[in-house]
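Participant: Submitted below is the structure of interest, expressed as structure tokens.
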Amino acid sequence: MLLKSKAYTNHAVQGTTKPLSSLSSLFTKDPRQNSSQKPKPRFQNPEKGHLSSPKEFEYFVRHQCKSGKINLNDAVTYFDRLTYEGIKPNLYTLSILMRCCQLRQINCGFCVFGEIIKRGFEPDLVTVSILLKGLCANGKGLDAVQVFDKMRESGFQGDGVTFGILINGLCKIREPALGLELHRKMEESNYEGTLVTYSMIIDAFCKDGMVDEAVGLFLEMVSKGITPDVVVYGSLIDGLCRLGRLKEAVNFFDEMVSGGLTADLVMYNSLIHGFCQAGMLEEATKIFNLMVRKGISPDVVTFTILIDCLCKEGKMGEAQGILDLMIQQGKEPDIRTYNSLISGFCSTGQLDEATKLFGLIADQGLDLDAFSYNIMINGYCKSWKIDEAFQLFQKMHDKGIKPTTVTYNTLIGALCQARRVSTAQKMFNEMHVYGQFPILSTYTVMLDGLCKNGHIEEAMDLFHSLESTEYKPGVEFFSILIDGMCKAGRLEEARKMFIEISEKGLVPDVVTYNIMFSGLCRKGMSLEADKLLTEMEEKGCLPDSISFNIIIHGLLRDKEVQRAMNRLEEMRRRNFSPDEAVTSKLLRLAMKDTKCHAALQSLPVPDVI
């Protein structure tokens, strides 16, 4: 077995350095194999000319490591030179060498590890831990687990620390379920979970939105007599707040405080952010005041959360007041703070104020990011100032800021709304020049623009071009195209496209059905629309108020009064009300038809009778 090789018997390594060969599937890549130069020992001690002890070797290698000069050739050369000098290397010495190699390249660490085994040393827990840590630090937690499993097959037994390294590595790459599975294996190996191991998995579950799993693990931990600390409570509170489960978050907060623990700034920020996200500004303010009373000073994040919440509620005066308070307390606003304010000004129609602030930020030397530009571009587009938006887009390029798909989606959508379709298409086709490629949302915006401007053929071409990409059109994509076809009078093509939805394994939603109802009724085919409504429910898609209004209006226009009355009665049973167009038709009809007048008596139609 690989790990039980005992070729080395005298605790001294014989022979000279040879090119590293593949020792097993674990050591498949030799970082030296592309080198065209033979290894040159750079081992010389400037004072003594040789090394006389492992300690000098350790010191020398550490120095080389810090200087960034060490590589695998050097590592093996140092190793051989050490034995040549008659010094007995030990695993600790080799572990230092391996750790230094790993700082530069994980494969190098693997190869040194291979040399350790090849030359007769049996790796101990420290050596293996270094290897596993190196993998985990490089985001290769899954590989680390595979290595560990193979070692266990060869007789190597890890300890609680080894398991902890692997659990941490899995949690860092967002694999909490695998982390928990390994935790169970650790317990089966008679190593009990600790506060640290539980904390890592709970935090990873919370970050993945799997809060119920995190809470379950928390309760398990407590049942085993492990007392949670602020870190564990902080993870749970933050996870619950992100999901809007504020009552549970507050319960954990109260439990923590009553248990004698002190909440930190991060925890208060989580609660404030949670309440702000839920639109509960008053509650967020209470938490803020409690934090201050407890002697914890708000930081930039705290102030920014409050400013962002006020801006989203359109309370720009109060937001600016918080900004002033922030500056008075010596907290320098960052780009996120200013982005919130710019967005607030844009959404409240104060584009001039947003423009002033945007310019002021640039003048102060604060780096504007793509998000800042996207906010302003969107603000200009919504105010129909598309040329100004394009000037800002060009400025992004001049400043070396890469536009995002949001930038392109915003501009393409605005151009289509302004009926500048050819410019929108040009922009869509040239995205790749600036390092961006259309994603499904970009295709959707472009398709919608083409359809709304009556460019159905080009819309069809775009639809078919999507087939050569990694993206698969969803129901929304089909709905846009069907709507465009119906409005262009191409009903038969729309019907074929509607059937194709099911053929693609998709399920039409109420929006898609409503589009078809409108298209059919527009062509005087209200009876077919009425039939489709029945089929819709049979397939499990419930109609909404819009569905009934479209069909009733179509039936009345086609003089299918009795069917319209039947649907009107059904509408009443579902607590839906006729819209203005249907109400107007009903009023005119009631004046001429006494039966219709009687039928309308019980319906929830305001001011009809």
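Derivation of every value follows stated rules applied to the coordinates shown; laboratory data play no part. Quick caveat, the model's predicted, so the values are computed rather than measured. Every residue, glycine as well, gets a Cβ built from its backbone with ideal geometry; the counts of neighbours run over all protein chains shown.
Participant: In nanometres, what is the gap between the two model label sites at T285 and L325, each 7 Å from Cα along Cα-to-Cβ?
Facilitator: Result: 0.9 nm between the two label points.
Participant: Continuing with this model, one more query. Treat each spin label as a single point 7 Å out from the Cα along the C-beta direction, and report the E528 to E313 distance in nm.
Facilitator: Label-label distance for E528 and E313, simple model: 5.2 nm.
Participant: Could you compute the FRET efficiency for Y434 and R152, with r as their C-beta to C-beta distance and R0 at 45 Å, rounded to 0.05?
Facilitator: 0.35
Participant: Could you list, in their original order, any pairs among K385/K472; K172/K399; K539/K592; K247/K331; K312/K382; K133/K207 whose Cα atoms are separated by more than 28 Å? If you can, show how the numbers build up before the last one.
Facilitator: Numbers: K385/K472 34 Å; K172/K399 34 Å; K539/K592 38 Å; K247/K331 31 Å; K312/K382 17 Å; K133/K207 22 Å.
Correct reply: K385/K472; K172/K399; K539/K592; K247/K331.
Participant: Let me ask something additional. Quick one: order I499, I287 by neighbouring beta-carbon count within 10 Å, fewest to most.
Facilitator: With the fewest neighbours first, I499, I287 line up as I499, I287.
Participant: Still on this structure, I have one more. Hey, what does the equivalent ellipsoid look like for region 491-584, semi-axes from the Cα gyration tensor as sqrt of 5 times each eigenvalue, largest first, whole Å?
Facilitator: The three semi-axes for region 491-584 are 23, 15, 10 Å.
Participant: Here's a follow-up. If we count other beta carbons within 10 Å of each Cβ, what is the order of H553, H455, fewest first?
Facilitator: Details: H553 23, H455 20.
So the residues, fewest neighbours to most, are H455, H553.
Participant: So what is Rg over Rh here for region 286-331, counting just Cα atoms and using Kirkwood for Rh?
Facilitator: Rounded to two decimals, Rg over Rh is 0.97.
Participant: Right, something else. Specify the inter-centroid distance of region 351-376 and region 529-585, based on alpha-carbon positions, in whole Å.
Facilitator: 50
Participant: Something else about it: What shape does region 481-520 take by its C-alpha gyration tensor, where a ≥ b ≥ c are the square roots of the eigenvalues and a/c under 1.5 counts as rounded, a/b above b/c as prolate, and the rest as oblate? Write down the numbers at each step before the final one.
Facilitator: Details: a/c = 2.48, a/b = 1.44, b/c = 1.72.
Oblate shape, in that a/c is at least 1.5 and b/c is the bigger or equal ratio.
Participant: Further question on the same structure: Once the Cα gyration tensor of region 400-454 is found, what semi-axes does its equivalent ellipsoid get, as square roots of 5 times the eigenvalues, in whole Å, sorted largest first?
Facilitator: Working from the Cα gyration tensor, I get semi-axes of 19, 11, 9 Å.
Participant: By count of other Cβ within 10 Å, fewest leading, how are S518, S223 ordered?
Facilitator: Fewest to most other Cβ atoms nearby, the residues stand as S223, S518.
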